[in-house]
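The values are calculated or read from the model by the stated rules, or taken from the named source; none is laboratory data. Worth saying up front: this structure is predicted, and the values here are computed from it rather than measured. Using ideal geometry, Cβ is built from the backbone for each residue, glycine included, and neighbour counts are taken over all protein chains shown. Protein only, heavy atoms only, side chains kept; ligands, DNA and RNA dropped before computing areas. Shrake-Rupley method; radii C 1.70, N 1.55, O 1.52, S 1.80 Å.
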Amino acid sequence: MPILAPATGLWSLPFVGLHMAFQFGVIFMRRRHKITIGDGTAQVEALIRDGRSAAEIAKAKEVAQKLSFRIRAQANFIENAPLALLLVAVAELNGLAVGYAHALLGVLFVARVAHYMALSNYARAGVGIGRAGGVVLTQLVIVGAAACSLAAVAFK
């Protein structure tokens, strides 16, 4: 049986690795700070309600904000990477050259790492060239893969 989408098949493991790394970053932070669900905002509200010290509340707020950035960064990966992978796989199945598929997926991988690193950087409030570049490159991969599929189908 021929391998139908070799580039997408090869890149699937690195993307699963990214997904797991991003997910475990959220899980470990939740466990370290004993946050069972959400970003810790409920814990902050409980501290305020219980009349705890300003220092304790400030620390809990900082944890909640940091966790919120990580959750958002992981969610953004989940919102974009599967669609991009699917579109590259469809393009590959429609005849996109393997080298081009590898190029698209390599760009996507770098884009998602850069975006995650910038968005999860609480110290910079999630702002940076990595975030903007990651968004632009991801969208270019999505549009490029869809265009390749359309061209392959329209001109065959």
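Principal-axis analysis of the Cα atoms of the chain puts helix 54-93 at an angle of about 10° to the longest axis.
Helix 129-154 versus the longest principal axis of the chain: what is the Cα-based angle in degrees, 0 to 90, to the nearest 10? Taking the Cα atoms of the chain, the angle to 129-154 is about 30 degrees. Atom-type composition of the exposed protein surface of the range 17-115 places 64 percent of the accessible area on carbon and sulfur (1.4 angstrom probe). When Cα Rg over 2.2 N^0.38 Å is calculated directly from the model, which label among [x] 1.42; [y] 1.32; [z] 1.56 fits? Read-out from the structure maps to [y].
Assuming charge only on the beta carbon of Lys and Arg (+1) and of Asp and Glu (-1), the dipole of the chain about its Cα centre is about 480 debye to the nearest 20.
Accessible area per residue for the range 17-71 in Å², computed with a 1.4 Å probe and the full protein assembly in place, what is it?
Working: 3610 Å² over 55 residues.
Computed with neighbouring chains in place, this is 66 Å² per residue.
Using a 1.4 angstrom probe on heavy atoms only, work out the carbon and sulfur share of the accessible area of the range 117-156 in %. Spell out each step's value before the answer.
Values: 1860 of 2470 Å².
Answer for the range 117-156: carbon and sulfur cover 75 percent of the accessible area.
Label zone of residue 61 (point 7 Å out along Cα→Cβ, amide N under 18 Å): in the range 24-44 this covers 39-44.
Simple rule: put +1 on each Lys or Arg Cβ and -1 on each Asp or Glu Cβ in the range 1-113, find the dipole, and look at 20, 68, 53; the Cα lying farthest toward the positive end is 53.
Roughly how tilted is helix 6-32, in degrees to the nearest 10 and between 0 and 90, from the longest Cα axis of the chain? So the inclination is approximately 0 degrees.
From most to least packed by mean Cβ count within 10 Å, the peptides 85-96, 41-52, 15-26 give 85-96, 15-26, 41-52.
Across q = 0.21, 0.23 Å⁻¹, the range 52-106 modelled as identical point scatterers on its alpha-carbon atoms has Debye log10 I(q)/I(0) values of -0.79, -0.85, in the order of the q list.
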